[in-house]
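The values are calculated or read from the model by the stated rules, or taken from the named source; none is laboratory data. All values derive from a computational prediction rather than experimental measurement. Here Cβ is always computed from backbone atoms with ideal geometry, including for glycine, and neighbour counts include all displayed protein chains. Accessible surface areas use protein heavy atoms only, side chains included; no ligands, DNA or RNA. Shrake-Rupley method; radii C 1.70, N 1.55, O 1.52, S 1.80 Å.
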Amino acid sequence: STLGPVRGQYVSPMADAMAEDMGINVTVHQDSPVSSPNMVFSIFNAANRITRDGQAIGRGSADGSSDADARITNWTNKQYDTSDQRISAYDTLKCTTINSAWQHFDEDIKGSITAGKQADFVILNTNILSDEFLSLDPLTARNTPIVEQTINDGIIVYDRV
């Protein structure tokens, strides 16, 4: 509603931003404190191109204000279908690890599994790169506990059990 139906459908064009000729290291962000941080859902979100409420971005409006707008609902007009801005789950994972470390000038000490780098790990009960995870209902993906354990600098800092 703030951007209007045309610009709203093109919000967060990750695939275009990640194109090699752009040279942009894209990262995934959180809207905290507006919403609780959930990096696993952010990976789901970017790979599926949906809002946190499960609304498709680029295939209808995020807030329902333009659902009846023929410019948005007529999918024969490619200009308003931006589903090609989805990125792979692997690329999204890279945005949350390697690219985020680069953004914070920490790429020499973290962001990838490399000898000599800080080894922080998250143990998940689901393969977030799998089609099974990516095809979940958005609210299920957002609300299902997936993180089992978080290890920071060799110390368990979160354990779900």
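Just name the residue that is modelled with the lowest pLDDT out of those in the stretch 1-47 that are of a type in the set (Val, Ile, Thr) and under 24 Å from residue 133 (Cβ atoms).
11
Six or more apart or on different chains, Cβ atoms under 6 Å: show the pairs whose first residue is in the stretch 25-36 and surrounded by 11 or more Cβ atoms within 10 Å (Cβ to Cβ) and whose second is at pLDDT 80 or above and part of a loop (DSSP other than H, G, I, E, B).
Taking only residues 6 or more apart or on different chains, the pairs are 30/37.
From the residues in the stretch 3-24 that are farther than 22 Å from residue 102 by Cβ and in a loop (DSSP other than H, G, I, E, B), which one is least open to solvent (accessible area, probe 1.4 Å)?
4
Report whether or not residue 59 is within 18 Å of residue 128 (Cα to Cα), modelled with pLDDT under 80 and touching a Ser or Thr at 6+ places or on another chain (Cβ under 8 Å).
In short, no.
Is the stretch 43-53 home to any residue that is over 19 Å from residue 143 (Cα atoms) and not hydroxyl-bearing (Ser, Thr, Tyr)?
Within the stretch 43-53, not a single residue is over 19 Å from residue 143 (Cα atoms) and not hydroxyl-bearing (Ser, Thr, Tyr).
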